[in-house]
Structure formats: structure tokens, C-alpha cells
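First comes the structure, then the notes that go with it.
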Amino acid sequence: MRRSNQQAESALGVDFGTTNSAVARVSDGAALLATFETSNGPTSTFPSILYFERRRQEAVTRLTSSSGPAAIERYLQARDKGRRTQTLKSPRP
């Protein structure tokens, strides 16, 4: 593999944490954290949560998914609870 002497002008970094995740873009030596909208306002960390549920719409049942703040809100609102995965790094039995 050949290496280039040119450096990237920008880069993207993802910290996929057990509790929270974050995304940052580095451009011209400065890191800029991404922000995510939530019902409590913008935040720079994103809860590491996935939520899956079956939603019935008329005669069709669909498997839907949500992540982060939306997953928490969907889980709390759902009458028939779906599958919530929070600690993604833990091995499953």
C-alpha cells in the first residue's frame, strides 16, 4: 500500500461509547462536535441506545427502529414494548 505525503484537510471521528456516543469533525486543526436535537434541546452526546418495535399500520406490520434520544422517547411512549438495546459492547448470551 502506498502512502501519500498529503494530509487530509478534514477528518471525522466517532466515539461509540457504552453509555454515550459522540461525533466530531476536525477541520484545519479544530475539532467541531456534532449536535443532536432532543426534546430537551441540543446535545453533543448521543445515548448509545437502539430500540426496535413492530408497528401495525392498517393491515401491515412493520419493524421500525430508532436510536439515541428518539429511541428513549419511543420506548417510554410505546404501549407494547419492543426490544431496547443499550449496552452494545456487552456480549449477548
Among the residues of the range 24-57, write down those that are exposed (fewer than 12 other Cβ atoms within 10 Å of the Cβ), touching a strand residue (DSSP E or B) at 6+ places or on another chain (Cβ under 8 Å), not basic (Lys, Arg) and not in a loop (DSSP other than H, G, I, E, B). 31
Looking at the range 61-82, I want the residues that are in a strand (DSSP E or B) and have a partner that is among the basic types (Lys, Arg) and open to solvent by less than 70 Å² (accessible area, probe 1.4 Å) with Cβ atoms under 8 Å, at least 6 apart or on another chain. Which pairs are those? 66/74
Any chance you could count how many residues in the range 58-82 are touching a Pro at 6+ places or on another chain (Cβ under 7 Å) and open to solvent by less than 40 Å² (accessible area, probe 1.4 Å)? 2
Give the residues of the range 1-19 that are touching a Ser or Thr at 6+ places or on another chain (Cβ under 8 Å), open to solvent by 70 Å² or more (accessible area, probe 1.4 Å) and modelled with pLDDT of 80 or more, sorted by residue number. 14, 15, 16, 19
Which residue out of 68, 41, 29 is at positive phi and over 18 Å from the mean Cα position of the chain (by Cα)? 29
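The values are calculated or read from the model by the stated rules, or taken from the named source; none is laboratory data. This one's a predicted model, so the numbers in the text were calculated from it and none came from an experiment. For neighbour counting, all protein chains shown are included, and Cβ atoms are generated from backbone atoms with ideal geometry for every residue, glycine included. Ligands, DNA and RNA are excluded from the accessible area calculation, which covers all protein heavy atoms including side chains. Shrake-Rupley method; radii C 1.70, N 1.55, O 1.52, S 1.80 Å.
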